[in-house]
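Here the structure is laid out as structure tokens; the discussion comes afterwards.
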Amino acid sequence: MSTRHFRVWRGDDEGGQLTDYQVEVNEGEVVLDIIHRLQATQAPDLAVRWNCKAGKCGSCSAEINGKPRLLCMTRMSTFTPDETVTVTPLRNFPITRDLVTDVSYNYEKARAMPAFDPPKDLEPGEYRMQQVDVERSQEFRKCIECFLCQNVCHVTRDHEENKAAFSGPRLFIRAAELDMHPLDAREDRKEFAQAEQGIGYCNITKCCTEVCPEHIKITDNAIIPMKERVVDRKYDPLVWLGRKIFRR
Ligand code: SF4
Ligand code: F3S
Ligand code: FES
């Protein structure tokens, strides 16, 4: 057991400040354990969102020493004994209170996406997914909706005004997943990503991939293929000719 220095952001959307705490830390604990200890001993009204404490619900996202992390998956042993641990709310979303942010932007963007669209006449059991198709989208299905990628992307992190036009990396992997699905009848997923989701704003900084706790290769496996195919479709002369012929 040792005593460590924590700084935790306290406040709401109107304003707030970092508050200092000296708190007990035991071997094997994670940052969420310490936040819970603060609630139990010194700050009963400290607001934090969490659920599983196993890195699977995506609720406990915050910034620890300026880095987007899951509170429940960040071990105290990551820090040196004399290091101050500063915990602040996600920067890219409005603050509800203390460490809790309002992430509804992400759900609004999800609602704006056309849903999975299988053939209307397909009866249950009439189609079997090939293993290769299952595997292609499996990576994207690991997303726990922690929104750390959405929080870190500079397109909206530094430019609130871009939020209206930019859906963000979490929604780009959803678009890629549907685009790869053999039963999705919509053929304009890439065009939609370009025209409505703002994938063109992404300049491949890969910050989203770096922070993803599920290690999803967001940029390489979803964004770049979606961008390339958008460009291909738009400018490939063969695709252009094919369109002209078949639209006659
Ligand atoms: Fe979180 Fe990764 Fe999903 Fe983004 S893609 S919401 S970082 S799990
Ligand atoms: Fe943003 Fe990821 Fe692109 S961080 S700029 S969506 S590579
Ligand atoms: Fe569920 Fe941290 S509490 S991911």
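Bear in mind these aren't lab numbers, they're just calculated from the coordinates by the rules spelled out. All of these numbers come straight from a predicted model, not from anything done at the bench. Counting neighbours? That spans all protein chains shown, and the Cβs are built from the backbone with ideal geometry, glycine included.
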Completion exercise
Karplus ³J(HN,Hα) for the stretch 111-128 (6.51 cos²θ - 1.76 cosθ + 1.60, θ = phi - 60°; Hz, whole; x = Gly/Pro) runs 5, 6, 7, x, 6, 3, 10, x, x, 5, 8, 7, 8, x, x, 7, 10, 10
Handout entry: Placed amide H near residue 97: partners under 5 Å, 5+ positions off or other chain
Key = none
Handout entry: C-alpha center-to-center spacing [the stretch 40-68, the stretch 3-29] in angstrom
Key = 11
Fill in the blank from the handout: CD proxy, 222 nm, the chain: helix-only mean residue ellipticity via -39,500 (n - 2.57) per DSSP H run with n ≥ 4, per residue, nearest 500, stands at -9500 deg cm²/dmol
Handout entry: Two-site label geometry, residue 57 and residue 133: point separation in nm, points 7 Å out along Cα→Cβ
Key = 3.5
Practice task
Express in nm, to one decimal, how much length is gained between residue 205 and residue 117 on full extension, taking 0.36 nm for each residue of separation and deducting their alpha carbon distance.
Solution key: 28.5 nm
Practice task
Quick one: what are the phi-derived ³J(HN,Hα) couplings along the stretch 47-63, Karplus 6.51/-1.76/1.60 with θ = phi - 60°, whole Hz, x for glycine and proline?
Solution key: 8, 8, 9, 7, 8, 8, 6, 9, x, 10, 9, x, 7, 8, 5, 7, 10
Exercise for the section: Within 10 Å, count the other beta carbons around each residue, average over each peptide in 14-26, 213-225, 80-92, and list them highest first. Expected result: 213-225, 80-92, 14-26
Handout entry: In sequence order, calculated HN-Hα J values of the stretch 194-210 (Karplus, 6.51, -1.76, 1.60; Hz; x Gly/Pro)
Key = 6, 7, 10, 9, x, 4, x, 5, 5, 10, 6, 6, 6, 4, 4, 4, 4
Handout entry: Least to most buried among 113, 1 (fewest other Cβ within 10 Å first)
Key = 1, 113
Completion exercise
Distance in nm between residue 162 and residue 73 label points, each 7 Å along Cα→Cβ, equals 2.4
